[in-house]
Amino acid sequence: MIPITPEIIGPGIEEEYEDAMERIAFLLDAFKDYPASNETAHGRVVYQLRWLKQEIDAQRLPVPVHKSWIGTLCYVVGSCEVDDSKEIAKALGELKRILQGPGLLKPRHFPVVAAQIDDLVADIHLFGDPLTPDEIKFVADLEDTAKGIRSGQIIPPLTVPKGIHPLKLALMHAKRLENILPQPPNPHEYWKQSHFLQLSLFSAWRPYVAQKPPLGAPNPGLGPEAPDFTLVRDLVNTNVTKT
């Protein structure tokens with residue numbers, strides 16, 4: 001692995017705010033025909049997005065922010081019920097990732113991704129030689145990808161028009177290597193190396209070795225966790241039922 005410099009780690013919370021606001025603006029526009037409401041999933045998302053915009057504008061939001069503050073966002077990312085388009089689904093997932101800390105892949109991280117590939121290839125040879133014909137091709141594809149990233153001819157994330165990228169399939173299905181390389185918690189474990197590489201290479205996650213430390217809000221104001229309004233909600237519902 002290459003040295004992880006301050007330049008690779010990058011700016012502070014202002015970068016996370018900018019990344020988040022870009023996606024909030026896109027999503028608010030995408031959901032502009034849905035009124036803010038607690039009665040529908042789209043309406044609840046609009047409320048969540050407006051609140052996030054308010055807190056980021058006021059610089060009160062830390063990164064990562066506790067899941068309780070973004071419960072609606074986390075829920076709809078998992079349920080997919082407001083994924084009206086691939087672009088909306090992508091923006092929601094990226095917004096959740098930004099606010100929970102892992103962050104987005106940036107060009108300054110590309111050398112780290114190439115180094116992750118180098119480390120995996122080195123371990124495959126160290127623990128797996130002699131390789132099978134399929135593994136020889138797999139390693140050659142990894143090496144070509146690292147070379148392409150370094151030359152600028154390959155720009156992560158890697159995608160294909162339909163289905164799963166062939167290199168991702170190869171990473172997922174290298175069962176012999178998964179068994180031959182050291183087992184957990186050894187840092188040379190195949191699954192762990194492959195998993196973190198896939199997140200950056202195919203899903204544009206910031207490399208785990210280049211993730212930022214927790215970033216406090218410039219104007220602290222939120223509690224560590226959101227208040228529990230369950231009792232208030234139940235009381236309101238009870239009174240409404242009685243009347």
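The values are calculated or read from the model by the stated rules, or taken from the named source; none is laboratory data. Please read all numbers here as calculations on a predicted model, not as lab measurements. In this analysis, Cβ positions are derived from the backbone assuming ideal geometry, glycine residues included, and neighbour counts consider all displayed protein chains. For the accessible areas, the whole protein counts, side chains as well, though only heavy atoms, and no ligand, DNA or RNA atoms are used. Shrake-Rupley method; radii C 1.70, N 1.55, O 1.52, S 1.80 Å.
Brief remarks on what is shown
- Any hit, the stretch 37-57, residues being over 27 Å from Gly148 (Cα atoms), in contact (Cβ under 8 Å) with a residue 60 or more places away in the chain and not assigned by the TED database to the domain that holds Lys147: yes
- Filtering the stretch 153-172 to residues that are open to solvent by 70 Å² or more (accessible area, probe 1.4 Å), outside any helix (DSSP H, G or I), of a type outside the set (Val, Ile, Thr) and at pLDDT 95 or above leaves only Gln153.
- Candidate set: the stretch 1-32, residues that are touching a residue at least 40 places away in the same chain (Cβ under 8 Å) and part of a loop (DSSP other than H, G, I, E, B); chosen: the one least open to solvent (accessible area, probe 1.4 Å): Phe31
- Within the stretch 63-97, if we keep just the residues that are touching a residue at least 60 places away in the same chain (Cβ under 8 Å), open to solvent by 30 Å² or more (accessible area, probe 1.4 Å) and not in a helix (DSSP H, G or I), the residue that is farthest from Glu15 (Cα to Cα) turns out to be His66.
- Every listed requirement among (1) more than 29 Å from Thr5 (Cβ to Cβ); (2) out of contact with any helix residue (DSSP H, G or I) (no Cβ under 9 Å at 6 or more places or on another chain) is met by Lys137 save one, (2).
- Among the residues listed as Arg150, Arg108, Arg50, Arg60, the single one being modelled with pLDDT of 95 or more, assigned to a loop (DSSP other than H, G, I, E, B) and open to solvent by 40 Å² or more (accessible area, probe 1.4 Å): Arg60
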